[in-house]
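Worksheet for the structure shown next.
The values are calculated or read from the model by the stated rules, or taken from the named source; none is laboratory data. Only a predicted model underlies this, so the values are computations on that prediction, with no experimental measurement involved. Cβ coordinates were reconstructed from backbone atoms using ideal geometry, including for glycine residues, and neighbour counts include every protein chain displayed.
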Amino acid sequence: MNGKTDIIVVGTGASGLFYALNTPPNKRILMITKRAVDESDSYLAQGGICVLRDTDDYDSFFEDTLKAGHYENDRASVAVMIRSSPEIIKNLIDLGVTFEKENGELLYTREGAHSRARILYHEDLTGREITSKLLAQVKKRPNITIIENMAMVDLMCQDNCCNGVVASDGTGAIHMYQSDYVVLATGGLGGLFDRSTNLAHLTGDAIAIALKHQIEVENISYIQIHPTTLYSRKPGRRFLISESVRGEGAVLYNRKMQRFVDELLPRDLLTKAIHEQMEQDESDFVWLSMQDMGPEVIKNRFPNIFKHCLDEGYDITRECIPVTPAQHYFMGGIKVDLESRTSMAHLYAIGEVSCNRVHGANRLASNSLLESLVFAKRAAIDTHNHYNTSAVLKKALQLDDYKDLEQLKSDYKKIILDEIERSKVIERIDKA
Ligand SMILES: Cc1cc2nc3c(=O)[nH]c(=O)nc-3n(C[C@H](O)[C@H](O)[C@H](O)COP(=O)(O)OP(=O)(O)OC[C@H]3O[C@@H](n4cnc5c(N)ncnc54)[C@H](O)[C@@H]3O)c2cc1C
């Protein structure tokens, strides 16, 4: 046993870091993360983060979120997210995050299915800007310890109460960390798919562990496909061509170089239209053109996309690029309430791994970073308000259960994929 701490946060993406920063300094926090501290999807976010610009925009922001989510969203979660957004942006700015400005005023961009420009951004590297600034603040806090390359392989729990985490380091050695609370901030599950914009190590481990311990999950088959990722024959992660590119005027062409769709449709509808077009064209991709924006706008507004495409052999200031849909985001997850409490006592889930149904059946662009931060902060406040120590484990854990980690990994993958299939069948029956 590696001793006891107050709170364990699993994952160092935006949600985990923001939870830690919103916890009072008298609590000892241990953060563990499966890879290097900056290897999270939060670092990859390009487009931006939504905010309620003024009270006049409330109804329209609310409706855009619901419409994109096919009205399957939890309205209370949506209201909390939107109303909290100005405060969260202020918190970020106070922590050193910078967003684009003109003449001292914040600039806003627009993405698919937004009826108004309400997205703050930092070049096309918004996630890196936010997450690196949060991490810099976390590193200054003496009450927070981070251990890298330490993967959670199980939860320690008894009588539906969580007492800690079982984890494996890079060498395969098993560590047991006891705590009063555990916060799951492990992100999505794109690593389970061949074509995904997510980092490959994000394999939904917490979802499998939740299913194993009968912790409630929700909307497990709600997986978002992003319509535009750079087409490549190479295996591995797919490079995202952010929605804000289309928000700023990029257009899609079929094989005959004709436009075939409204580029600002919600993600799921645009993905469907692109798939249909690819079938008609008997092609693995469609074309995306940014040329009308002009070279200066492209290079200043989307420097990272410009550079990446150039490295792949495409000069987006002068030519179209081939794009194709790929797995991108997980709307389902571990079921949580408005304070991010799971169905197990002393266990919270925040960020992409959790499901408070804020996104419904399909996430509106740039609502994810916002949702992660809003509900991470609420979880931190709730932990503080109701803090009590967890019971000591009555029974020792069987280390033999974690002897064959490769087998465990494949068992976890099977648990998740089986549950996704099972849930799709139930959905079809419910809709019949
Ligand atoms: C390419 C890309 C672009 C995006 N652009 C935007 C955007 O513009 N705007 C927006 O709002 N959203 C965007 N998103 C979505 C958004 O980035 C994520 O949903 C959000 O950052 C998730 O944050 P998180 O803290 O929940 O998880 P992550 O940031 O993914 O962090 C997960 C953490 O958990 C760790 N972890 C996972 N499993 C384990 C384990 N078993 N043990 C220990 N640690 C573990 C990981 O190592 C990582 O540290 C984008 C996503 C991608 C992939």
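Hey, any hits in segment 100-110 for a residue that's among the aromatic types (Phe, Trp, Tyr), more than 27 Å from Ala36 (Cβ to Cβ), within 14 Å of the ligand (Cβ to nearest atom) and in the same structural domain as Ser60 (by TED's automatic domain parsing)? Steps first, answer last, please.
In the first step, residues of segment 100-110 are kept if they are among the aromatic types (Phe, Trp, Tyr); the result is 108.
Add one more test, that the residue is more than 27 Å from Ala36 (Cβ to Cβ), and what stays is 108.
Within this subset, residues satisfying the condition of being within 14 Å of the ligand (Cβ to nearest atom) are 108.
After this cut, where a residue has to be in the same structural domain as Ser60 (by TED's automatic domain parsing) as well, the list is 108.
Scanning segment 100-110 turns up at least one residue that is among the aromatic types (Phe, Trp, Tyr), more than 27 Å from Ala36 (Cβ to Cβ), within 14 Å of the ligand (Cβ to nearest atom) and in the same structural domain as Ser60 (by TED's automatic domain parsing).
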- Task: Look at His328 and say whether it is part of a strand (DSSP E or B), under 20 Å from the mean Cα position of the chain (by Cα) and within 16 Å of the ligand (Cβ to nearest atom).
- Result: yes
- Message: Condition (residue is more than 21 Å from Asn22 (Cβ to Cβ), touching a Gly at 6+ places or on another chain (Cβ under 7 Å) and surrounded by fewer than 24 Cβ atoms within 10 Å (Cβ to Cβ)) applied to segment 117-133: is it met by at least one residue?
- Response: no
- Message: Suppose we filter segment 258-293 for residues that are over 19 Å from Arg363 (Cβ atoms) and in contact (Cβ under 8 Å) with a residue 40 or more places away in the chain; how many remain?
- Response: 7
- Query: Applying the selection to segment 213-247, what residues are touching a Phe, Trp or Tyr at 6+ places or on another chain (Cβ under 8 Å) and more than 10 Å from the ligand (Cβ to nearest atom)?
  - Reply: Tyr222, Ile223, Leu230, Tyr231, Ser232, Val245
- Task: Identify the single condition in (1) within 30 Å of Lys395 (Cα to Cα); (2) not in a strand (DSSP E or B) that Leu134 does not satisfy, given that it satisfies every other one.
- Result: (1)
- Note on the structure: Note: among Ala151, Ala117, Ala167, just one is in the same structural domain as Asp41 (by TED's automatic domain parsing), within 13 Å of the ligand (Cβ to nearest atom) and in contact with a Phe, Trp or Tyr (Cβ under 7 Å, 6 or more places away or on another chain), namely Ala167
- Give me the pairs, please: first residue somewhere in segment 154-171 and free of Cβ contacts under 8 Å to residues at least 24 places away in the same chain and outside any strand (DSSP E or B), second residue anywhere and within 15 Å of the ligand (Cβ to nearest atom) and not aliphatic (A, V, I, L, M), beta-carbon distance under 6 Å, and either six or more positions apart or on two chains. Gly170/Asn149
- Has segment 254-265 got any residue that is within 25 Å of Ile119 (Cα to Cα), at pLDDT below 95 and within 16 Å of the ligand (Cβ to nearest atom)? yes
- Item | Residues within segment 201-212 that are within 11 Å of the ligand (Cβ to nearest atom) and either among the polar types (S, T, N, Q) or touching a Gly at 6+ places or on another chain (Cβ under 9 Å) (or both), tallied | 6
